[in-house]
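What follows is a single structure, written as structure tokens, with notes after it.
Every number here is computed from the coordinates shown, using simple stated rules; none is lab data. Nothing here was measured: the structure is a model prediction, and the numbers come from that model. Here Cβ is always computed from backbone atoms with ideal geometry, including for glycine, and neighbour counts include all displayed protein chains.
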Amino acid sequence: MNRFKIKKLPAKLLHKYTSGGGVFTLFGLLTVLLLISVLLLITIYFRRADRLIKEHCCAELTHSTDEACADFENIFRTDRVTLSMVAKILSEEKFASERAGSFLDMYELSSDFSNAGILTSKNTVVLKTGDSIDVSGKISYENEIKKGEHINGLQTPVLVNGSSTVIRSYIPVVRKEKQVGLVFAEMDPDKIAHIWSPQIYGGDCIYCVIDRASGKNVLTGGYDSAKFDSLASLGDSELTKSVSHGSTGFRTVSLSSGSGDDVTYYASFKPLEIADWELLVMVSKEEALSSMQSLSSSLYLLLGFMTAIFAIYLALLVIAYRRSIEHAEVKANVDVLTGLRNRNLFEQYCAGYDSTGGLVCIYVDANGLHELNNTRGHLAGDQMLQFVANELKTAFGEETVFRIGGDEFIAFCRDTGATALHSKLDAVNKEIERNNYHISAGVGVGAVGINIKALIKVAEDEMYEEKKRYYERIGAEMRNKKEEPKDAEA
């Protein structure tokens, strides 16, 4: 429905406009209407462009925050892997020994921002020199050991000099399934900020890690970061609430400048996974929009076009990535020669069984593969394996047939009775022998209380007995003899 109704002009007035005798002609009126329309469209367009620019800045800052978050977490994860290795070694060493000290020293050499020590149940810290210091009042062993593997911020330093607060990363030292101490790294927040230093907007940003419980900064860095010493300095209750709840989001905030004027910032925040912390990244609105304000209207259109192209490219990239994942999974889980499931999936399948009641295992070996390879070539041997695999797949289904070795296969099925099972095996054997191939098969029938390994062992033993009888029948020496257990007294 039209918002404006066009009324007919009176005849005299129409004649006045069209005759050129008036101030306006009809052409002039149409031109004015056209200009007003164009101005209206431009106003709408630029308002929309301004919103798109802000949305673009939001997306860019959010993406940069995600990357900075991942980089920060990786720094700690890498450090904790090394610390865990030290804790494992220390589980077999005396805390005050020279070897224990050397491992602490080795850790400190591998870390650019940490010192290490061992917290004992006596509330003392064993240093790399073997000396002990009392840390009562600074660290509580009883409180820290309850938390297990964890990270604490805003701690009073005991190892690091020149810092008012430190970050500590704790890993329990376990001996005989009992926690006997904590190996910990003490980190200077300023050094971490220097190593991490996310280059968001070329470094013209403020970034900080905030302790959600207290609202205080664990570490702060970036351009003009001295302006921001805590979350409370922003005076934004909604942002404080979002951060304390561990939310992810984007907000516009104000921060006082050195001259007393408020500066508008775009703030992106995201929870960190390594501790009860939140990453907050802030970029001034002027800096965020500086690269966009010089764009003309044609570039805004180009931006829309490029966004569409990027979306298509990203969709194609996702499709290609999914296909590559599917291809990698097939290569990892399927035997290339036979198309059967390989040993990797076989082990996963077996891991799903605690008891084997109602399960039957068929262990199959292709006889004469070595001789066939030597006399007719490996292509003939491959054809034999493919034929045997197809017959087993047809008989027992591709979901439960596995190639676990060069000429060895295992199939599983439900226990439907000995008659039905042997009938199926006879049919498989006849079809294989019809093509001048031979197999040896052993069967293990599961029961409640028998685990999967024992079931497979029964089938394997029976297969070897069958294989032995086969070679005795043809008067040949059995190549792959099952090794007998050696006498304990030998």
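Of note:
- One quarter of the convex hull surface built on the alpha carbon atoms of segment 197-287 amounts to 5.4 nm², the projected area averaged over directions.
- FRET efficiency estimate (nearest 0.05) - Cβ-Cβ, D105 to D276, R0 35 angstrom: 0.65
- Distance (nanometres) between label positions extended 7 Å along Cα→Cβ at T252 and S121: 6.0
- For V81 and L33, the FRET efficiency from 1/(1 + (r/R0)^6), where r spans their Cβ atoms and R0 equals 51 Å, is about 0.10.
- Modelled spin labels at L345 and A476, positioned 7 Å past Cα toward Cβ, are 3.1 nm from each other.
- For peptides 144-153, 279-288, sequence by mean Cβ density within 10 Å, most packed first: 279-288, 144-153
- Intensity falloff of segment 343-474 expressed as log10 I(q)/I(0), Debye formula with alpha-carbon point scatterers, at q = 0.11, 0.20, 0.22 Å⁻¹: -0.38, -1.21, -1.42
- Cα-derived Rg to Rh of segment 67-185, Kirkwood definition: 0.94
- Where labels lie 7 Å past Cα in the beta-carbon direction, separation of Q179 and E142 in nm: 1.5
- FRET efficiency, K468 to S324 (Cβ-Cβ, R0 45 Å, nearest 0.05): 0.45
- Length available on full extension from A380 to D415: 0.36 nm per residue minus the Cα-Cα distance, which gives 9.2 nm.
- Sites matching GluC sites (Glu not before Pro) across segment 65-102 that sit in DSSP coil, with at most 12 neighbouring C-beta atoms within 10 Å: E92
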